[in-house]
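Worksheet: the structure to be examined is printed underneath.
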Amino acid sequence: MLGRTSIGKLMAGALASIILCVAPPVQAQEIKKVPRSEALAAAISKVNPDYPPMARQLKLEGSVEIAIVIDTTGKVEKTDAVNGNPVLTRPAADALKKWKFKPFLSDDGKPVRAESTILITFKL
């Protein structure tokens with residue numbers, strides 16, 4: 001048999017569980033989708049990728065598309081290869097991590113994270 005304090009604790013625990021289940025979720029930080037042309041226009045400094053020796057030896061050329069996430073200060077915080085030769089995507093992503101952008105702003109003028117894609121062309 002349960003005493004009054006035990007029943008009270010059970011009810012308090014159940015109520016806390018219900019509140020946690022029905023409480024609105026914490027919103028993730030907004031990420032603004034930015035067209036490639038706007039991202040390139042906002043680039044303050046760019047670093048050219050190193051041409052991989054193996055790609056140079058094989059006379060490998062082509063374009064790679066890299067998706068980037070830019071933080072609120074304008075630094076690239078994440079890169080993901082979208083398409084292109086894997087021999088070329090790695091150096092392109094490494095170079096993009098060194099790029100710097102003007103911070104992107106939300107509709108109310110606050111800095112927000114942004115995502116876009118950048119096309120890097122390797123040509124001998």
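No lab work stands behind these numbers, since they all come straight from the coordinates. Nothing here was measured: the structure is a model prediction, and the numbers come from that model.
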Please provide three numbers in whole Å: the alpha-carbon extents of the range 43-92 along the principal axes, with the largest listed first. 40, 20, 12
Computed over the range 28-122: relative contact order in percent, which uses C-alpha pairs under 8 Å that are six or more apart: 42 percent
For residue 80 and residue 41 in the same chain, what is the full-extension length gain: residue separation times 0.36 nm, less their Cα-Cα distance, in nm? 12.0 nm
Would you mind giving the three semi-axes, in whole Å and largest first, of the ellipsoid equivalent to the range 28-122 according to its Cα gyration tensor? 28, 11, 10
Longer than 19 Å from Cα to Cα, which of 46/123; 46/110; 59/123 are they? Say none if no pair is. 46/110
